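The values are calculated or read from the model by the stated rules, or taken from the named source; none is laboratory data. Note that the structure is predicted; figures quoted are calculated from it, not measured. Neighbour counts are summed over all protein chains in view; Cβ atoms, including those assigned to glycine, are modelled from backbone coordinates with ideal geometry. Heavy atoms of the whole protein, side chains included, go into the accessibility calculation; ligands, DNA and RNA do not. Shrake-Rupley method; radii C 1.70, N 1.55, O 1.52, S 1.80 Å.
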Amino acid sequence: MSTDHGLVKRFRQEVGDRLARQRRLDQASGVPSMSGEDERQFARALIAQVLEEFARGEIGAGRTPPTAEEEEALAAGTHAALFGVGRLQPLLDDPEVENIDINGCDRVFVGYADGQELMRDPVAESDDELVELIQILAAYSGLSSRPFDTANPQLDLRLPDGSRLSAVMDVTLRPAVSIRRARLGKVFLSDLIGNGTLTADVGRFLSAAVGARKNIMIAGSTNAGKTTLLRALANEIPVNERLITVERALELGLDQFPELHPNVVAFEQRLPNSEGQGEITMAELVRRSLRMNPSRVIVGEVLGDEIVTMLNAMTQGNDGSLSTIHANSSMEVFNRIATYALQATERLPVEATHMLIAGAIDFVVFIEKRNDYNRGGTLRRYVSSVREVAGVDGRVLSSEVFAMSSMGLVPHAPIACLEELAAFGYEGAWS
């Protein structure tokens, strides 16, 4: 059964107007503002009211009113348009969807957990309507409203369900949107062992490394599962520690699970306004986090000049930090960091950067993604390398303590800090 999206758009406008009118009346009467959940419940009542009025109008005009099933679909679509993501909502509600790529309103490609990529129905009637949808999301997602228009043609934000959205316009022929689903929000190392991302031995090693307050950098390609692994490592941190997270767009969501992390402050980068003022960069937020009495600082993703500030923080007593970075191998991470450091305000030379890396990072964990769907397999994500930083001699010296073999990921070299890990339950193959 197809939904009349023209009616959904009309009902969304009517209900939105009535909701705004009620807010104004409450404010004028001194009535406390409705909570988010109260507003959603009130909106459901308004939607039912609007649908009833519409049905009466259709009967009065001699037309057939919507059936019960059609009314239910219209109500769900209107509610999703008001509080969700409109016609994207069914895709986000599908637990098997991993990625959604939109190259214009009617070119929608969906990637599934089993590795399939299929074209799906349009998510808007026009590209203008698609841009309007993204603008609404940008206004109400994250800590502050984010513009998306000709003057601000790029947008990154976290959707209410934790998914990550990236959108561009005017630099492409048609507006383009990519959404990466957060399929595993509350995730533990045991879950990743269960789905084959980790071996049991590496799971015990990582748990001990977090307990021993080792600084860990997670590396991998786009959509390899870096953030999911970061969440699982963060969930190994003792409940009494104060965590500060720093992100370009809120995504980690550690504060959503107070039973695991009751003391969390989530920082989000702020973009400049239309006059170019008010920007708060990632590097500034990392510096600010050090003044907020953190037990650990977690930087969601390193993509630029914040790397120098973060490495300095790791060498100044903030042990146990976690972060992610894009790289094609565990060895490439050190050169990638050096490249970012060259672009930073400090303009650190390569040799100085490698000295900083050697003093800051203890382990690099590389996670790999492989799609074997076309050969009868499925999409696989798995940790394929773990390196321990061993020092510096012009360049960072490292030892691959876990490496891939015909037996899978196995111990490959002795771990220098094994005694420290043993205090947290990890004995290792070389003990």
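When E420 is tested against (1) open to solvent by less than 70 Å² (accessible area, probe 1.4 Å); (2) within 19 Å of L206 (Cβ to Cβ); (3) part of a helix (DSSP H, G or I), just one condition goes unmet, and that condition is (1). Across the stretch 164-171, a minimum of one residue is classified as closer than 28 Å to E279 by Cβ, of a type in the set (D, E) and open to solvent by 20 Å² or more (accessible area, probe 1.4 Å).
Checked against the criterion of being in contact with a Leu (Cβ under 8 Å, 6 or more places away or on another chain) and free of Cβ contacts under 8 Å to residues at least 24 places away in the same chain, the stretch 51-72 has at least one qualifying residue. Among the residues of this structure, D362 does not count as one that is over 15 Å from V302 (Cβ atoms) and either at pLDDT below 90 or hydrophobic (A, V, I, L, M, F, W, C) (or both). Considering only residues in the stretch 315-324 that are touching a residue at least 40 places away in the same chain (Cβ under 8 Å) and surrounded by fewer than 19 Cβ atoms within 10 Å (Cβ to Cβ), the one that is nearest to the chain's Cα centre (by Cα) turns out to be D319. Just one of the numbered conditions (1) at positive phi; (2) part of a strand (DSSP E or B) is not true of G115: (2).
Of the residues examined, I237 is one that is of a type in the set (V, I, T) and part of a loop (DSSP other than H, G, I, E, B). Tallying residues that are among the charged types (D, E, K, R) and either open to solvent by less than 30 Å² (accessible area, probe 1.4 Å) or under 14 Å from the mean Cα position of the chain (by Cα) (or both) within the stretch 212-271 yields 9. The set of residues in the stretch 214-240 being among the charged types (D, E, K, R) and either in contact with a Phe, Trp or Tyr (Cβ under 7 Å, 6 or more places away or on another chain) or at pLDDT 95 or above (or both) consists of K214, E236. Restricting attention to the stretch 283-299, which residues are within 23 Å of R213 (Cβ to Cβ) and open to solvent by less than 30 Å² (accessible area, probe 1.4 Å)? Within the stretch 283-299, L285, V286, S289, P294, R296, V297, I298, V299 meet the criteria. Checking the structure you have, find out if any residue of the stretch 306-314 is of a type in the set (S, T, N, Q), in contact with a strand residue (DSSP E or B) (Cβ under 6 Å, 6 or more places away or on another chain) and without any contact (Cβ under 8 Å) to a residue 40 or more places away in the chain. No: the stretch 306-314 contains no residue that is of a type in the set (S, T, N, Q), in contact with a strand residue (DSSP E or B) (Cβ under 6 Å, 6 or more places away or on another chain) and without any contact (Cβ under 8 Å) to a residue 40 or more places away in the chain. Only one of the numbered conditions (1) surrounded by 13 or more Cβ atoms within 10 Å (Cβ to Cβ); (2) within 21 Å of I136 (Cα to Cα) is not met by E72, and that is (2).
Just checking, how many residues over the stretch 290-338 are assigned to a helix (DSSP H, G or I) and more than 24 Å from G394 (Cα to Cα)? Residues meeting the conditions: 0.
Within the stretch 52-66, if we keep just the residues that are small (G, A, S) and in a loop (DSSP other than H, G, I, E, B), the residue that is surrounded by the most Cβ atoms within 10 Å (Cβ to Cβ) turns out to be A61. Considering L19, L46, the condition of being open to solvent by less than 70 Å² (accessible area, probe 1.4 Å) and either in contact with a Gly (Cβ under 7 Å, 6 or more places away or on another chain) or at pLDDT below 90 (or both) is satisfied by L19 alone.
Take A390 and tell me if it is on the phi < 0 side of the Ramachandran plot, surrounded by fewer than 18 Cβ atoms within 10 Å (Cβ to Cβ) and either touching a strand residue (DSSP E or B) at 6+ places or on another chain (Cβ under 7 Å) or basic (K, R) (or both).
When the stated conditions are applied, A390 passes them.
If you go through the stretch 78-111 and pick out every residue that is at pLDDT below 85, open to solvent by less than 50 Å² (accessible area, probe 1.4 Å) and assigned to a loop (DSSP other than H, G, I, E, B), you end up with 2.
So which of S385, S399 ends up being among the small types (G, A, S), buried (at least 19 other Cβ atoms within 10 Å of the Cβ) and modelled with pLDDT of 90 or more?
Criteria check complete, one pass: S385.
Looking only at the stretch 339-353, filter to residues that are part of a helix (DSSP H, G or I) and open to solvent by 10 Å² or more (accessible area, probe 1.4 Å); which one of those is farthest from G394 (Cα to Cα)? Per the stated criteria, the residue is Q343. Give the residue that is modelled with the highest pLDDT, with candidates limited to residues of the stretch 124-141 that are open to solvent by less than 30 Å² (accessible area, probe 1.4 Å) and in a loop (DSSP other than H, G, I, E, B). Here the residue is A124.
Scanning the stretch 23-41 for residues that are open to solvent by 60 Å² or more (accessible area, probe 1.4 Å) and over 29 Å from the mean Cα position of the chain (by Cα) turns up R23, R24, L25, Q27, A28, S29, G30, V31, P32, S33.
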